[in-house]
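Comments concern the structure below.
The values are calculated or read from the model by the stated rules, or taken from the named source; none is laboratory data. Since the model is a prediction, treat every value here as computed from it, not as a measurement. Note that we place each Cβ from the backbone using ideal geometry, even for glycine, and neighbour counts take in every protein chain shown. Note: areas computed on protein heavy atoms with side chains; ligands, DNA, RNA excluded. Shrake-Rupley method; radii C 1.70, N 1.55, O 1.52, S 1.80 Å.
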Amino acid sequence: MAKSKKRYVCQACGSVSHRWQGQCPDCAEWNTLVEDAPATVFSQKHDLSSGGRAIAFEPLDAPGEALQRRTTGLAELDRALGGGLVPGSAILMGGDPGIGKSTLLLQAAAKIAGAGGDTVYVSGEEAAGQVRLRASRLGLADAPIRLAAATSVRDILTTLGGMEPPALLVIDSIQTMHSDTIEGAPGTVSQVRGCAFELIRYAKENGVALVLVGHVTKDGNIAGPRVLEHMVDVVMSFEGERSHQYRILRSLKNRFGPVDEIGVFAMAGQGLEEVSNPSMLFLSGRDEPLAGSAVFPALEGTRPVLVEVQALIVRLQSGATPRRAVVGWDTGRLAMLLAVLEARCGLNFSSAEVYLNVAGGYRLTDPAADLAVAAALVSALADRPLPPKSVWFGEVSLAGEVRPVAHSSLRLRESAKLGFDAGYGPNGKDGGGDSAGLNYRGVTQLANLVDRVMAAT
(Lines give C-alpha, C1' and ligand atoms only; values in the text may rest on other atoms or scores of the structure.)
Protein backbone atom coordinates (compact mmCIF):
# COMPACT_ATOMS: atom_id res chain seq x y z
CA MET A 1 0.00 0.00 0.00
CA ALA A 2 1.35 3.39 -0.99
CA LYS A 3 2.51 5.61 1.82
CA SER A 4 0.13 8.50 2.39
CA LYS A 5 1.57 11.96 2.02
CA LYS A 6 1.60 14.33 4.94
CA ARG A 7 -0.13 17.66 4.79
CA TYR A 8 -0.17 20.66 7.07
CA VAL A 9 -3.22 22.84 7.64
CA CYS A 10 -3.08 26.41 8.90
CA GLN A 11 -5.22 26.81 12.01
CA ALA A 12 -5.79 30.49 11.22
CA CYS A 13 -6.81 30.54 7.56
CA GLY A 14 -7.19 26.86 6.64
CA SER A 15 -4.66 26.80 3.82
CA VAL A 16 -2.96 23.47 3.06
CA SER A 17 0.76 22.92 2.59
CA HIS A 18 2.68 19.72 1.91
CA ARG A 19 5.63 20.70 4.10
CA TRP A 20 5.89 22.39 7.44
CA GLN A 21 6.84 26.04 7.60
CA GLY A 22 7.22 28.40 10.49
CA GLN A 23 5.06 31.02 8.80
CA CYS A 24 1.91 30.47 6.78
CA PRO A 25 2.51 31.69 3.21
CA ASP A 26 -1.11 32.84 2.84
CA CYS A 27 -1.99 34.66 6.09
CA ALA A 28 1.58 35.28 7.36
CA GLU A 29 0.74 33.89 10.83
CA TRP A 30 3.54 32.18 12.71
CA ASN A 31 3.48 28.58 14.03
CA THR A 32 -0.06 27.86 12.86
CA LEU A 33 0.68 24.95 10.52
CA VAL A 34 -0.41 21.65 12.14
CA GLU A 35 -0.03 18.21 10.63
CA ASP A 36 -3.37 16.76 9.54
CA ALA A 37 -3.80 13.05 8.94
CA PRO A 38 -5.33 12.51 5.47
CA ALA A 39 -8.26 10.21 4.90
CA THR A 40 -7.22 6.56 4.71
CA VAL A 41 -9.05 3.47 3.55
CA PHE A 42 -9.64 2.50 7.19
CA SER A 43 -11.10 5.88 8.14
CA GLN A 44 -13.30 5.95 5.04
CA LYS A 45 -14.59 2.46 5.80
CA HIS A 46 -15.42 3.34 9.42
CA ASP A 47 -16.93 6.74 8.73
CA LEU A 48 -20.45 6.62 10.21
CA SER A 49 -21.70 9.79 8.55
CA SER A 50 -22.87 7.88 5.46
CA GLY A 51 -23.89 4.44 4.32
CA GLY A 52 -26.74 3.96 6.78
CA ARG A 53 -30.48 3.98 6.27
CA ALA A 54 -32.50 7.12 6.83
CA ILE A 55 -34.68 7.21 9.92
CA ALA A 56 -38.16 8.69 10.02
CA PHE A 57 -38.94 11.51 12.44
CA GLU A 58 -42.36 11.78 14.06
CA PRO A 59 -44.09 14.68 15.80
CA LEU A 60 -44.87 14.46 19.50
CA ASP A 61 -48.61 14.39 18.83
CA ALA A 62 -48.42 11.53 16.32
CA PRO A 63 -51.24 9.02 16.92
CA GLY A 64 -50.15 5.72 18.37
CA GLU A 65 -51.30 2.83 20.48
CA ALA A 66 -51.36 3.70 24.17
CA LEU A 67 -49.35 1.39 26.38
CA GLN A 68 -51.50 -0.40 28.93
CA ARG A 69 -49.88 -1.17 32.26
CA ARG A 70 -50.13 -4.73 33.50
CA THR A 71 -50.86 -5.23 37.16
CA THR A 72 -48.56 -7.56 39.06
CA GLY A 73 -51.24 -8.73 41.47
CA LEU A 74 -49.33 -7.13 44.36
CA ALA A 75 -50.73 -3.68 45.16
CA GLU A 76 -47.59 -2.55 46.99
CA LEU A 77 -45.38 -3.51 44.03
CA ASP A 78 -47.72 -1.73 41.64
CA ARG A 79 -47.60 1.37 43.84
CA ALA A 80 -43.79 1.46 43.77
CA LEU A 81 -43.78 0.94 39.99
CA GLY A 82 -46.20 3.82 39.47
CA GLY A 83 -49.25 1.71 38.60
CA GLY A 84 -47.93 -1.56 37.21
CA LEU A 85 -45.60 -2.98 34.58
CA VAL A 86 -45.20 -1.07 31.31
CA PRO A 87 -44.73 -3.32 28.23
CA GLY A 88 -41.23 -2.97 26.82
CA SER A 89 -39.79 -1.52 30.04
CA ALA A 90 -36.55 -2.62 31.68
CA ILE A 91 -36.55 -2.74 35.49
CA LEU A 92 -33.45 -3.17 37.63
CA MET A 93 -34.02 -4.39 41.19
CA GLY A 94 -31.23 -4.28 43.75
CA GLY A 95 -31.01 -5.17 47.42
CA ASP A 96 -28.90 -6.88 50.04
CA PRO A 97 -28.40 -10.64 49.78
CA GLY A 98 -31.25 -12.57 51.38
CA ILE A 99 -33.55 -9.55 51.63
CA GLY A 100 -36.25 -11.23 49.51
CA LYS A 101 -35.75 -10.06 45.90
CA SER A 102 -36.18 -13.51 44.37
CA THR A 103 -39.13 -14.25 46.65
CA LEU A 104 -40.90 -11.04 45.64
CA LEU A 105 -40.33 -11.59 41.92
CA LEU A 106 -41.41 -15.22 42.12
CA GLN A 107 -44.65 -14.18 43.83
CA ALA A 108 -45.27 -11.46 41.23
CA ALA A 109 -44.50 -13.86 38.37
CA ALA A 110 -46.94 -16.39 39.82
CA LYS A 111 -49.67 -13.72 40.09
CA ILE A 112 -49.17 -12.62 36.47
CA ALA A 113 -49.03 -16.22 35.21
CA GLY A 114 -52.17 -17.06 37.16
CA ALA A 115 -53.95 -14.13 35.50
CA GLY A 116 -53.18 -15.49 32.03
CA GLY A 117 -49.90 -13.73 31.26
CA ASP A 118 -47.02 -15.79 29.90
CA THR A 119 -44.11 -15.52 32.33
CA VAL A 120 -40.49 -16.63 31.95
CA TYR A 121 -38.21 -16.89 34.98
CA VAL A 122 -34.51 -17.49 34.23
CA SER A 123 -32.29 -18.21 37.21
CA GLY A 124 -28.55 -17.94 36.85
CA GLU A 125 -27.69 -18.36 40.52
CA GLU A 126 -29.89 -21.28 41.51
CA ALA A 127 -30.75 -24.57 39.93
CA ALA A 128 -34.28 -25.14 38.74
CA GLY A 129 -34.86 -27.56 41.59
CA GLN A 130 -33.96 -24.91 44.16
CA VAL A 131 -36.42 -22.45 42.63
CA ARG A 132 -39.13 -25.15 42.62
CA LEU A 133 -38.40 -25.81 46.29
CA ARG A 134 -38.93 -22.14 47.11
CA ALA A 135 -42.12 -22.04 45.06
CA SER A 136 -43.41 -25.09 46.94
CA ARG A 137 -42.69 -23.41 50.28
CA LEU A 138 -44.56 -20.30 49.11
CA GLY A 139 -47.51 -22.34 47.89
CA LEU A 140 -46.85 -21.46 44.24
CA ALA A 141 -45.88 -24.88 42.91
CA ASP A 142 -48.88 -25.00 40.55
CA ALA A 143 -48.23 -21.57 38.98
CA PRO A 144 -47.79 -21.85 35.17
CA ILE A 145 -44.34 -20.22 35.09
CA ARG A 146 -41.77 -21.13 32.42
CA LEU A 147 -38.70 -21.83 34.56
CA ALA A 148 -35.12 -22.28 33.34
CA ALA A 149 -31.63 -22.26 34.83
CA ALA A 150 -29.24 -20.71 32.30
CA THR A 151 -26.41 -18.18 32.11
CA SER A 152 -25.80 -17.87 28.35
CA VAL A 153 -27.53 -14.86 26.83
CA ARG A 154 -27.27 -16.42 23.38
CA ASP A 155 -29.13 -19.53 24.55
CA ILE A 156 -31.79 -17.43 26.32
CA LEU A 157 -32.45 -15.15 23.33
CA THR A 158 -32.44 -18.09 20.91
CA THR A 159 -35.05 -19.87 23.02
CA LEU A 160 -37.18 -16.73 23.38
CA GLY A 161 -36.93 -16.07 19.65
CA GLY A 162 -38.61 -19.40 18.88
CA MET A 163 -41.70 -18.67 20.98
CA GLU A 164 -44.26 -15.95 21.50
CA PRO A 165 -42.85 -13.02 23.50
CA PRO A 166 -43.82 -13.41 27.17
CA ALA A 167 -45.51 -10.74 29.23
CA LEU A 168 -42.78 -10.82 31.89
CA LEU A 169 -39.16 -11.91 31.71
CA VAL A 170 -37.18 -12.18 34.96
CA ILE A 171 -33.38 -12.53 34.89
CA ASP A 172 -31.96 -13.49 38.30
CA SER A 173 -29.34 -12.12 38.23
CA ILE A 174 -27.68 -10.04 35.53
CA GLN A 175 -24.22 -10.49 37.10
CA THR A 176 -24.38 -14.23 36.32
CA MET A 177 -25.19 -13.78 32.62
CA HIS A 178 -22.49 -14.39 30.01
CA SER A 179 -22.14 -13.45 26.33
CA ASP A 180 -19.73 -15.40 24.13
CA THR A 181 -19.12 -12.32 21.97
CA ILE A 182 -17.43 -10.46 24.84
CA GLU A 183 -14.23 -11.44 26.57
CA GLY A 184 -14.22 -11.56 30.35
CA ALA A 185 -15.77 -13.48 33.18
CA PRO A 186 -19.44 -13.07 34.15
CA GLY A 187 -19.93 -10.08 36.40
CA THR A 188 -17.31 -7.85 34.80
CA VAL A 189 -18.40 -4.43 33.58
CA SER A 190 -18.14 -5.36 29.90
CA GLN A 191 -20.13 -8.58 30.37
CA VAL A 192 -22.84 -6.92 32.47
CA ARG A 193 -23.21 -4.05 30.04
CA GLY A 194 -23.22 -6.27 26.96
CA CYS A 195 -25.66 -8.82 28.35
CA ALA A 196 -28.02 -6.14 29.65
CA PHE A 197 -27.95 -4.35 26.30
CA GLU A 198 -28.97 -7.49 24.39
CA LEU A 199 -31.75 -8.35 26.85
CA ILE A 200 -33.09 -4.78 26.91
CA ARG A 201 -33.07 -4.63 23.11
CA TYR A 202 -35.13 -7.83 22.98
CA ALA A 203 -37.58 -6.42 25.54
CA LYS A 204 -37.99 -3.13 23.64
CA GLU A 205 -38.49 -4.77 20.26
CA ASN A 206 -41.05 -7.29 21.52
CA GLY A 207 -42.91 -5.31 24.20
CA VAL A 208 -41.75 -7.54 27.05
CA ALA A 209 -41.54 -6.28 30.62
CA LEU A 210 -38.00 -7.17 31.69
CA VAL A 211 -36.85 -7.37 35.31
CA LEU A 212 -33.12 -7.66 36.01
CA VAL A 213 -31.91 -8.53 39.50
CA GLY A 214 -28.67 -6.75 40.35
CA HIS A 215 -26.09 -7.38 43.04
CA VAL A 216 -25.22 -4.62 45.49
CA THR A 217 -21.98 -3.56 47.13
CA LYS A 218 -21.35 -3.43 50.88
CA ASP A 219 -22.52 0.20 50.83
CA GLY A 220 -25.89 -0.85 49.42
CA ASN A 221 -25.32 0.57 45.91
CA ILE A 222 -25.93 -1.55 42.84
CA ALA A 223 -22.66 -3.21 41.81
CA GLY A 224 -20.83 -1.76 38.82
CA PRO A 225 -20.01 1.85 37.83
CA ARG A 226 -23.71 2.71 37.47
CA VAL A 227 -23.78 1.47 33.88
CA LEU A 228 -26.97 -0.51 34.43
CA GLU A 229 -28.83 2.36 36.07
CA HIS A 230 -28.43 4.47 32.93
CA MET A 231 -29.55 1.70 30.60
CA VAL A 232 -32.80 0.68 32.30
CA ASP A 233 -36.10 2.55 32.70
CA VAL A 234 -36.77 1.80 36.37
CA VAL A 235 -34.34 1.31 39.25
CA MET A 236 -35.79 -0.18 42.43
CA SER A 237 -34.16 -0.83 45.78
CA PHE A 238 -35.43 -3.50 48.16
CA GLU A 239 -34.47 -2.36 51.65
CA GLY A 240 -34.88 -3.61 55.19
CA GLU A 241 -33.13 -5.15 58.14
CA ARG A 242 -32.95 -8.91 58.54
CA SER A 243 -33.74 -8.51 62.23
CA HIS A 244 -37.03 -6.79 61.38
CA GLN A 245 -39.91 -8.31 59.51
CA TYR A 246 -40.71 -5.35 57.28
CA ARG A 247 -39.26 -4.67 53.82
CA ILE A 248 -39.52 -1.44 51.83
CA LEU A 249 -39.48 -1.38 48.03
CA ARG A 250 -38.30 2.06 46.96
CA SER A 251 -38.17 3.50 43.44
CA LEU A 252 -34.90 5.36 42.75
CA LYS A 253 -35.53 6.04 39.06
CA ASN A 254 -38.75 5.72 37.09
CA ARG A 255 -39.35 6.95 33.56
CA PHE A 256 -43.03 6.04 33.77
CA GLY A 257 -44.05 7.30 37.21
CA PRO A 258 -43.03 9.07 40.41
CA VAL A 259 -39.79 8.22 42.18
CA ASP A 260 -40.98 8.92 45.72
CA GLU A 261 -43.49 6.08 46.13
CA ILE A 262 -42.74 3.06 48.29
CA GLY A 263 -44.21 -0.39 48.78
CA VAL A 264 -44.15 -1.99 52.22
CA PHE A 265 -43.99 -5.74 52.77
CA ALA A 266 -43.62 -7.97 55.81
CA MET A 267 -41.64 -11.22 55.68
CA ALA A 268 -43.73 -14.13 56.89
CA GLY A 269 -43.57 -17.89 56.69
CA GLN A 270 -45.50 -17.93 53.40
CA GLY A 271 -43.33 -15.29 51.78
CA LEU A 272 -43.76 -11.54 51.58
CA GLU A 273 -47.09 -10.13 52.71
CA GLU A 274 -48.35 -6.70 51.72
CA VAL A 275 -48.68 -4.08 54.46
CA SER A 276 -51.50 -1.74 53.52
CA ASN A 277 -51.16 0.29 56.74
CA PRO A 278 -47.44 0.56 57.56
CA SER A 279 -48.08 3.07 60.36
CA MET A 280 -49.54 0.31 62.53
CA LEU A 281 -46.39 -1.72 61.91
CA PHE A 282 -44.00 1.00 63.07
CA LEU A 283 -46.17 2.12 66.00
CA SER A 284 -46.86 -1.31 67.44
CA GLY A 285 -46.20 -1.68 71.15
CA ARG A 286 -47.06 1.90 72.16
CA ASP A 287 -49.20 1.55 75.28
CA GLU A 288 -48.43 4.56 77.48
CA PRO A 289 -46.55 7.78 76.71
CA LEU A 290 -42.94 7.64 77.85
CA ALA A 291 -40.29 10.32 78.19
CA GLY A 292 -38.14 10.71 75.10
CA SER A 293 -40.73 9.35 72.66
CA ALA A 294 -42.36 11.37 69.85
CA VAL A 295 -44.48 10.32 66.89
CA PHE A 296 -43.61 11.79 63.50
CA PRO A 297 -45.90 11.58 60.42
CA ALA A 298 -43.34 10.94 57.69
CA LEU A 299 -44.26 11.19 54.02
CA GLU A 300 -43.14 8.67 51.42
CA GLY A 301 -44.45 9.86 48.09
CA THR A 302 -48.19 10.24 48.57
CA ARG A 303 -48.32 7.89 51.56
CA PRO A 304 -48.00 9.15 55.15
CA VAL A 305 -46.23 6.75 57.49
CA LEU A 306 -46.28 7.38 61.23
CA VAL A 307 -43.06 6.37 62.98
CA GLU A 308 -41.82 6.67 66.55
CA VAL A 309 -38.68 8.66 67.35
CA GLN A 310 -36.97 7.63 70.58
CA ALA A 311 -34.32 9.63 72.46
CA LEU A 312 -32.24 8.83 75.54
CA ILE A 313 -30.09 11.30 77.49
CA VAL A 314 -27.45 9.95 79.91
CA ARG A 315 -25.62 12.40 82.18
CA LEU A 316 -21.90 11.78 82.66
CA GLN A 317 -20.26 12.41 86.02
CA SER A 318 -16.69 11.54 85.13
CA GLY A 319 -16.17 14.26 82.55
CA ALA A 320 -15.57 11.78 79.75
CA THR A 321 -16.27 12.70 76.15
CA PRO A 322 -20.00 12.12 75.54
CA ARG A 323 -21.17 9.86 72.72
CA ARG A 324 -23.66 10.67 69.98
CA ALA A 325 -25.29 7.50 68.59
CA VAL A 326 -27.96 7.66 65.88
CA VAL A 327 -29.93 4.85 64.24
CA GLY A 328 -32.26 5.70 61.36
CA TRP A 329 -31.45 9.42 61.03
CA ASP A 330 -28.65 11.66 59.80
CA THR A 331 -25.85 12.11 62.34
CA GLY A 332 -24.93 15.55 61.02
CA ARG A 333 -28.50 16.76 61.35
CA LEU A 334 -28.61 15.59 64.96
CA ALA A 335 -25.44 17.56 65.72
CA MET A 336 -27.00 20.65 64.13
CA LEU A 337 -30.22 20.24 66.13
CA LEU A 338 -28.30 19.82 69.40
CA ALA A 339 -26.36 23.00 68.63
CA VAL A 340 -29.60 24.91 67.99
CA LEU A 341 -31.10 23.65 71.26
CA GLU A 342 -28.02 24.78 73.16
CA ALA A 343 -27.55 28.14 71.42
CA ARG A 344 -31.19 29.23 71.03
CA CYS A 345 -32.93 27.46 73.93
CA GLY A 346 -30.25 27.36 76.61
CA LEU A 347 -30.29 23.58 77.05
CA ASN A 348 -27.07 21.82 77.95
CA PHE A 349 -26.20 18.60 76.11
CA SER A 350 -22.40 19.00 76.23
CA SER A 351 -21.99 16.80 79.33
CA ALA A 352 -24.53 14.15 78.32
CA GLU A 353 -24.56 11.19 75.98
CA VAL A 354 -27.30 11.37 73.36
CA TYR A 355 -28.85 8.27 71.80
CA LEU A 356 -31.47 8.57 69.05
CA ASN A 357 -33.39 5.73 67.45
CA VAL A 358 -36.18 5.45 64.88
CA ALA A 359 -38.32 2.51 65.98
CA GLY A 360 -38.77 -0.47 63.68
CA GLY A 361 -35.52 0.04 61.78
CA TYR A 362 -37.10 2.77 59.64
CA ARG A 363 -34.78 5.37 58.04
CA LEU A 364 -35.91 9.00 58.00
CA THR A 365 -34.86 11.40 55.25
CA ASP A 366 -37.73 13.87 55.55
CA PRO A 367 -36.50 17.27 56.88
CA ALA A 368 -39.86 17.66 58.63
CA ALA A 369 -38.60 15.23 61.27
CA ASP A 370 -36.60 18.01 62.96
CA LEU A 371 -39.41 19.04 65.31
CA ALA A 372 -40.19 15.44 66.32
CA VAL A 373 -36.53 14.77 67.07
CA ALA A 374 -36.25 18.00 69.05
CA ALA A 375 -39.39 17.12 71.02
CA ALA A 376 -37.99 13.68 71.85
CA LEU A 377 -34.65 15.18 72.96
CA VAL A 378 -36.27 17.81 75.17
CA SER A 379 -38.65 15.23 76.63
CA ALA A 380 -35.76 12.88 77.45
CA LEU A 381 -33.71 15.71 78.95
CA ALA A 382 -36.60 16.86 81.17
CA ASP A 383 -37.70 13.26 81.85
CA ARG A 384 -41.28 14.25 81.05
CA PRO A 385 -43.47 12.52 78.47
CA LEU A 386 -44.96 14.49 75.63
CA PRO A 387 -48.74 15.04 75.48
CA PRO A 388 -50.47 11.70 74.78
CA LYS A 389 -51.70 10.89 71.27
CA SER A 390 -49.78 13.78 69.71
CA VAL A 391 -47.76 14.05 66.51
CA TRP A 392 -44.90 16.45 65.77
CA PHE A 393 -43.56 17.69 62.44
CA GLY A 394 -41.70 20.73 61.12
CA GLU A 395 -38.30 21.81 59.85
CA VAL A 396 -36.02 23.67 62.26
CA SER A 397 -33.69 26.40 61.01
CA LEU A 398 -30.37 27.45 62.53
CA ALA A 399 -32.13 30.47 64.01
CA GLY A 400 -34.47 28.19 65.95
CA GLU A 401 -37.49 28.87 63.74
CA VAL A 402 -39.98 26.15 62.85
CA ARG A 403 -40.58 26.36 59.11
CA PRO A 404 -43.55 25.01 57.12
CA VAL A 405 -43.28 21.67 55.32
CA ALA A 406 -45.13 20.10 52.44
CA HIS A 407 -48.42 18.17 52.71
CA SER A 408 -49.31 19.13 56.27
CA SER A 409 -52.99 18.28 55.72
CA LEU A 410 -52.13 14.80 54.49
CA ARG A 411 -49.98 14.13 57.55
CA LEU A 412 -52.72 15.31 59.93
CA ARG A 413 -55.46 13.29 58.21
CA GLU A 414 -53.44 10.10 58.53
CA SER A 415 -52.74 10.89 62.18
CA ALA A 416 -56.44 11.43 62.90
CA LYS A 417 -57.28 8.17 61.14
CA LEU A 418 -55.00 6.29 63.54
CA GLY A 419 -56.53 7.82 66.66
CA PHE A 420 -54.22 10.77 67.38
CA ASP A 421 -56.01 13.88 68.59
CA ALA A 422 -53.25 16.52 68.87
CA GLY A 423 -50.79 17.92 66.36
CA TYR A 424 -47.82 20.26 66.75
CA GLY A 425 -46.17 21.84 63.76
CA PRO A 426 -45.34 25.07 61.93
CA ASN A 427 -47.44 28.13 62.63
CA GLY A 428 -48.98 30.32 59.96
CA LYS A 429 -51.65 30.24 57.31
CA ASP A 430 -50.49 27.04 55.62
CA GLY A 431 -48.68 25.52 58.59
CA GLY A 432 -51.32 23.08 59.66
CA GLY A 433 -53.49 23.17 56.55
CA ASP A 434 -56.62 21.15 57.15
CA SER A 435 -56.30 19.98 60.77
CA ALA A 436 -58.66 17.03 60.01
CA GLY A 437 -60.36 17.42 63.39
CA LEU A 438 -57.12 17.36 65.40
CA ASN A 439 -56.30 19.94 68.05
CA TYR A 440 -53.53 21.59 66.06
CA ARG A 441 -51.15 24.00 67.76
CA GLY A 442 -48.61 26.01 65.83
CA VAL A 443 -45.02 26.36 67.01
CA THR A 444 -43.09 29.36 65.72
CA GLN A 445 -39.84 29.00 67.66
CA LEU A 446 -38.05 25.99 69.09
CA ALA A 447 -38.13 27.76 72.45
CA ASN A 448 -41.94 27.47 72.40
CA LEU A 449 -41.59 23.70 72.19
CA VAL A 450 -39.22 23.70 75.18
CA ASP A 451 -41.71 25.76 77.20
CA ARG A 452 -44.55 23.34 76.36
CA VAL A 453 -42.56 20.27 77.32
CA MET A 454 -41.15 21.77 80.50
CA ALA A 455 -44.61 22.94 81.57
CA ALA A 456 -46.22 19.55 80.84
CA THR A 457 -47.35 17.51 83.77
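Things worth noting here:
- Where a residue in segment 316-329 is farther than 17 Å from Ala369 by Cα and its partner, wherever it lies, is open to solvent by less than 40 Å² (accessible area, probe 1.4 Å) and among the hydrophobic types (A, V, I, L, M, F, W, C), with Cβ under 6 Å and at least six apart: Pro322/Ala352; Arg324/Val354
- Looking only at segment 52-80, and only at residues there that are assigned to a loop (DSSP other than H, G, I, E, B) and touching a Leu at 6+ places or on another chain (Cβ under 7 Å), the one that is most open to solvent (accessible area, probe 1.4 Å): Arg69
- Screening segment 357-371 for residues that are open to solvent by less than 10 Å² (accessible area, probe 1.4 Å) and in contact with a Gly (Cβ under 8 Å, 6 or more places away or on another chain) and picking the one that is nearest to Gln310 (Cα to Cα) gives Val358.
- Listed by position, the strands (runs of 3 or more DSSP E) enclosed by segment 246-354 that each have at least 3 residues that are open to solvent by 40 Å² or more (accessible area, probe 1.4 Å) and closer than 30 Å to Arg79 by Cα are 246-254.
- Selection within segment 184-221: residues that are assigned to a strand (DSSP E or B) and buried (at least 21 other Cβ atoms within 10 Å of the Cβ). The member of this set that is modelled with the lowest pLDDT is Gly214.
- Of all the criteria given as (1) charged (D, E, K, R); (2) within 23 Å of Tyr202 (Cβ to Cβ); (3) out of contact with any strand residue (DSSP E or B) (no Cβ under 7 Å at 6 or more places or on another chain), the one not satisfied by Arg146 is (3).
- Taking first residues from segment 179-202 that are on the phi > 0 side of the Ramachandran plot and partners that are assigned to a helix (DSSP H, G or I), the Cβ contacts under 7 Å between residues at least 6 apart in sequence or on separate chains come to Gly184/Ser190; Gly184/Gln191; Gly187/Gln175.
- Whichever residue in segment 113-143 is of a type in the set (Val, Ile, Thr) and touching a residue at least 40 places away in the same chain (Cβ under 8 Å) and, among such residues, is farthest from Pro97 (Cα to Cα): Thr119
- Counting only residues that are over 20 Å from Gly98 (Cβ atoms) and aromatic (Phe, Trp, Tyr), segment 235-264 holds 1 of them.
- Among the residues of segment 149-171, some residue qualifies, meaning at least one is buried (at least 21 other Cβ atoms within 10 Å of the Cβ), part of a helix (DSSP H, G or I) and either among the small types (Gly, Ala, Ser) or over 16 Å from the mean Cα position of the chain (by Cα) (or both).
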